[in-house]
1. Return the pairs, sorted by first residue and then second, in which the second residue is within 12 Å of ligand 1 (Cβ to nearest atom) and modelled with pLDDT under 95, the first residue lies in segment 56-68 and is under 12 Å from F229 (Cβ atoms) and aromatic (F, W, Y), the beta carbons are less than 7 Å apart, and the residues are 6+ apart or on different chains.
2. For residues that are of a type in the set (K, R) and within 16 Å of ligand 1 (Cβ to nearest atom), tally how many sit in segment 153-209.
3. Which residues, counting only those in segment 83-114, are away from ligand 2 (no atom under 11 Å from the Cβ), part of a helix (DSSP H, G or I) and of a type in the set (D, E)?
4. Report the residue count in segment 194-217 for those that are modelled with pLDDT under 95, acidic (D, E) and in a helix (DSSP H, G or I).
5. Can you pull out the residues in segment 176-193 that are more than 16 Å from ligand 2 (Cβ to nearest atom) and part of a helix (DSSP H, G or I)?
6. Would you be able to tell me the number of residues in segment 121-139 that are away from ligand 1 (no atom under 16 Å from the Cβ) and in a helix (DSSP H, G or I)?
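The values are calculated or read from the model by the stated rules, or taken from the named source; none is laboratory data. Predicted model, so just to flag it, every value in this text is computed and none were measured. Please note: Cβ atoms are built from the backbone with ideal geometry, for glycine as well, and neighbour counts cover all protein chains shown.
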Amino acid sequence: MAATKEKKMSGKEASARKFLADLRAEILIHPGVGHSLLGRMNTDPRSKFDFKVLAGQHFALVGNFTRYMELLLLNAPDSDAKCWLAKVLVDEYGERSEGEDHAELYMHFMHAAGIKPGTEYDQPLHPEVVNFIREHYRICTEEPFLVGLGALGPGHEWAIPTMFTHAIAGLRKAGFKETEIDYWTCHLGQDKDHGAWLEEALVDYCDSAEKRAQIRRGALLSLDARERFWWGVTDKVASEKTKAIIPATASTAAMEAGQLTLRQLRERWKVEAKLVEKP
Ligand SMILES: [Fe+2]
Ligand SMILES: [Fe+2]
């Protein structure tokens, strides 16, 4: 009996692993992961100025990521899933980066790229950057838990090593020193682990078509937002370059005046865990 049960279990697991492997393959060819801004780093090299603009936008994502995951942890249905999420969070808080959380680590890169210390939270954000953050708070608070896990596991941790491999090629070409791009290089290894841990969190939930659909939906919602984010960064790089050549045109000044900074987002947005009593 035990042997039959074990065989049945491993068949179930094999089917779950196959679904997750197919999802990994789908993610790696998503335009959010292989966006032209990243994919062309070798053929269309980016300057330090371009990376300064990118850093000012990308920091807003880095600075919100743990909050999505904390919200998801609250919704996790059991301790097994919570454990895997908590393991990732401990790294994000600085366990493997000498006590510096990943936002602090990112700031070193921002400074190397030319952003003045103290102004990290004051970069006007492209609307697609704000939309990315808003979408992830929505996913992690309003969607079913597995949609959230799909967004943060497959949608983030599985995608980041590939995205960052492209970015690192561009950063090296732009002349950054290895010590200045620690944030990027440390994620190649850490996010491989995080992706594997979240796969362990996912594998037990892939036992119905509905649950698999939720996981995939979360991953694709996240990556669709990611693709729009990279377009936003591309647009921001172009407008900042124009501004550097032709300073303070009325149109670019007006456009920027309407853009929120991360500091303003933190002041205006309140994400809360609250009690909802059903009748
Ligand atoms: Fe991180
Ligand atoms: Fe990670």
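1. Cβ pairs passing all conditions: none.
2. Residues meeting the conditions: 1.
3. Of everything in segment 83-114, just one residue is away from ligand 2 (no atom under 11 Å from the Cβ), part of a helix (DSSP H, G or I) and of a type in the set (D, E), namely E104.
4. 2
5. Those that are more than 16 Å from ligand 2 (Cβ to nearest atom) and part of a helix (DSSP H, G or I): E178, T179, E180, I181.
6. 12
Listed here are the residues, each with its yes/no results for (1) over 20 Å from C140 (Cβ atoms); (2) β-branched (V, I, T).
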{"site": "H156", "(1), (2)": "no, no"}
{"site": "F164", "(1), (2)": "yes, no"}
{"site": "G175", "(1), (2)": "yes, no"}
{"site": "I181", "(1), (2)": "yes, yes"}
{"site": "D235", "(1), (2)": "yes, no"}
{"site": "L262", "(1), (2)": "no, no"}
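For every residue, the table says whether it meets (1) within 16 Å of the chain's Cα centre (by Cα); (2) crowded, with 19+ Cβ neighbours inside 10 Å; (3) within 24 Å of C206 (Cα to Cα).
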position: A86; (1), (2), (3): no, no, yes
position: E92; (1), (2), (3): yes, yes, no
position: E95; (1), (2), (3): no, no, no
position: Y106; (1), (2), (3): yes, yes, no
position: M110; (1), (2), (3): no, yes, no
position: Q123; (1), (2), (3): no, yes, no
position: E128; (1), (2), (3): yes, yes, no
